[in-house]
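Working notes, structure below.
Each reported figure results from applying straightforward, stated rules to the coordinates on display, with no laboratory input. Remember, it's a predicted structure, so these values are computed and weren't measured experimentally. Cβ placement follows ideal geometry from the backbone for every residue including glycine, while neighbour counts extend to all protein chains displayed.
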Amino acid sequence: MPAARPIVFAITGASGAPYAVRLLEQLAAARRPVQLIVSSHGWRLLRTETELGGPADLRAAIGAARWDRHVTVYDDGDRGAAPASGSALNAGMVVCPCSMGTLSAISVGASRSLVERAADVALKERRRLVLVTRETPLSAIHLENMLRVTRAGAVVMPAAPGFYHRPERIDQLVDFVVARVLDHLEVPHRLAGRWTGG
């Protein structure tokens, strides 16, 4: 997959803002162009869990130089933006965190917002779509929606950190999940060691 193609990155309202911020930081550090879409509930989530009140705060957290070079922000209400079109090439999409409402909309092709439309485009164009869900417990409806999007070609990746690396800090748990997401986006990283067995 060409490195020059952007990765569409959506942040929605499920708990898990630290995953989103760390993933965006790592994509910018890897010099990957990012087309960022944050839903209104995503901005609320960032304010609640990280105290990042808006784009300026998120830019400062990522680093102004990297942000300006690699991140383009799109309004979630703009369904005419580049990520809404299959003719605008990209390297796939990640929704991190992905709320159950967003999952539901994607599973039925609702396309009411740019986040939903961009995910619909990823599926119809057979591009990579990674949904980092964060909810527990899961209802039968959630599970059916996960099965539906998986059958359509998406990767459902619950934000469920492992413990075999014996984490001692919260950031190590965050990095465990972010490393798995980066693997599925085929972005090199050094966040976590590889399991070698034994």
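Tabulated values for the structure
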item	result
Ordering of 160-170, 184-194, 83-93 by packing [mean C-beta count within 10 Å, highest first]	83-93, 184-194, 160-170
Cα-based convex hull, the chain, per residue volume (Å³, whole number)	126 Å³
Residues TRP67, TRP43, TRP195 arranged by fewest to most Cβ contacts within 10 Å	TRP195, TRP43, TRP67
Fewest-first ranking of ILE106, ILE141, using other Cβ atoms within 10 Å as the exposure measure	ILE141, ILE106
Contour minus Cα-Cα distance for ASP68 and SER85 (0.36 nm per residue)	3.8 nm
Loop trypsin sites (Lys or Arg not before Pro), the range 89-159, which have at most 12 other Cβ atoms in a 10 Å radius of their Cβ (DSSP)	ARG112, ARG126
Centre separation in Å (Cα based) which lies between the range 25-73 and the range 153-178	20 Å
Segment LYS124-PHE163, extension gain: residue separation times 0.36 nm, minus the distance between their alpha carbons	10.4 nm
